[in-house]
Each structure stands twice: as C-alpha cells, then as structure tokens.
Amino acid sequence: MDTGAAAGVSFVIPVFNKRPFVAGMVAGLAGQHGDFPREFIFIDDGSTDGSGDLIGELTRASPDVRLIRQPNRGPSIATNVGIAAARYPLIKPVDADDILLPHATALLSRAMARHPDAALAFGAVESVAAPAAALSRRLDEDAAAGASAFAFDALPSLLRNCSLGPSACLLRADAVRRAGGCDERVFIQDYSLFLRLAAAGPFVRVDTAAALQPEAAPGRLNDGGPQVLHDLNLALYHFLSEHRVASAQAREAVRRGIARAWHWARRREGRGFCNPMLWPLLRAAAVPGVQLGLLRQSCAAFTLSRPVRLTAG
C-alpha cells in the first residue's frame, strides 16, 4: 500500500444554503479512490434551504459522517469548527458547491507523503456548466496517471494574489493547528488560511485537476461583488500585522491591496483619482511605517455602496 495514500483524511465541508449542489458534492466525496481511513465532517452553518437535512438523508448509512449544525457565523468560523473536530493527520476542505474528482484525495496524499515538510498540496479546479454530468463522464478517467508535483515557497505569490480554492487543496492537520486555522476576523476562510500555511511550510503543486466547480452558483461569495476583495485586503492586513515578511514583499503586497481598492472604487463606484480617501493612500503606500494602516483603511472602499459580511464571532 502507498504510505501517502494510507494516511487518514478528514474531509471538512462547511455548508450554507447549497441544497441544489449537495447531491453532486456528496457523490464526489463517496467516490474518492484509495485505501485510506476517512471521515466526513459537514458543518451546516445555519442553512435555511434544507441543505443540512438533505446531507443527513444522503449520508444516513455512513458511519464515518458527522453533521454539525450551528447558527450562521460564516465560513471561517464554520471551517475552524470542522478543523477542531478532525481526527486524521490530513484535512481535505471542500466547498459545498464543488465536486471532487475520484483521484483527488489519494493523489494529493501521495504528494504530501513525498514532501513531508509541505503544509499543503493542491491541484487545479475546472469550471463546468454541469458538474454532475461532467463527473459521470470522468469516473473511469485516470487523470492521476503521470501527474507531476513540485514543492515551492508559495508565500511570495500569495502575497500578490490568491488563485487557490479550498476544494483543490489537502492540508497537513498539525500545520493547520499550529498556524491557528482560519482567521476568524475575516468572513471568507481561504485566503487567511493559505497565508498562514504558506508561512509555515512549502506548498506542493500537482499538475492535474482535483475538483469541478459550477460556472454559476447562486449565493456563491465569489460573485463578482466586493466581499472577496474586501476579505483579501482584510486578511492581508491581519497577516502582515502578525508575521515577519521581507520588507520589499510587504510593501508590494500593500501596494497591490490598495490598488485593488482604488480600482474597485473607480470602476464600480465611479470614483477615481479625485477620491478623497483612496488617492492619498496610493501615493503614501511606499512610506515606511504607514503601510499597514493604509491597507486597513482601504477595506472601506469595498463597502461604499454594497455591504459586506463580517464574522459573527
């Protein structure tokens, strides 16, 4: 047996009002290839559409399933609840509207086994119009065959931008806990967690798809609105406030964060160079000692005409 594939995996799935996607998501979890111990931890984060009830029905006969119900507190807190409940050395986060491809967990587990210092392994996510149909066509596809993997320092690229999604990733549980899990001061969970893990160890990139995501998913936080961008800047602010980062990298990260806010205000709010808040921030972004305060202030640009959700912790 492959020692990597034998490591136990805790699947952590926060769920909020994802009923149309639950059946496909559960099918993807049930179809994971590999001879490894596993458990499935669903956190129903106050769903009002029956998502939790449907999960309970579909997994009733599975002894390795736990369904935790709580009032709606947001994905960062919900994910941390799942992390705290996880029993195995590897944690597989899954977005509730995504479908894992059959090879995903075993493939990422083997990559982690080959790189024991890695905090996270990840593959790609494919966007598809109908994930369930796409999955049925790929059940027999051995996409893991010949996939290459390499380890690298992910922090420099993550400070510039985040292109990872939870469903593509496998996490080392002890690294997650040492890093403090998701930052519960930030509503969306993934960027703060990825930054913290990148500071803890290298990431391993696996050159194949690990999950499918729908091209359109009503209620998705990444809907083109301000929530994701606001939380990128807020997570970056807290991370830079609490971690030592090379000064040049920190300055560039702050500059990019403030530029995100300025571009949002200019394109979505009709405010540009004359914006009394953002243009001075851009000019001052390289001044030593003031960058973090400016980054924190820039978060307000994403709340000018549409509210963003904050954590209810």
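Show me the ranking of peptides 253-261, 93-101, 54-62, 171-179 by mean Cβ neighbours inside 10 Å, starting with the highest.
Final packing ranking: 93-101, 253-261, 171-179, 54-62.
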Protection proxy (average C-beta count within 10 Å per residue), highest first, orders 11-19, 78-86 as 11-19, 78-86
Using only Cα atoms, figure out Rg for segment 157-210 and give it as a multiple of 2.2 N^0.38 Å.
1.10
Tell me the relative contact order for segment 1-81 as a rounded percent, counting alpha carbon contacts under 8 Å between residues six or more apart.
36
Magnitude of the charge dipole, segment 1-110, Cβ model with Lys/Arg +1 and Asp/Glu -1, debye to 20
200
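So what's the net charge close to Pro37: Lys and Arg +1, Asp and Glu -1, counting the other residues with Cβ under 12 Å from its Cβ? Walk me through the numbers on the way to the answer.
Working: positive: Arg38, Arg87; negative: Asp35, Glu39, Asp64.
Taking every Cβ under 12 Å from that of Pro37, the sum is -1.
All of the numbers you see were taken from the coordinates with simple rules; none came from a lab. Since we're looking at a predicted model, the values are computed, not measured. Because the Cβ atoms are built from the backbone with ideal geometry, glycine has one as well, and the counts that use them run over all protein chains shown.
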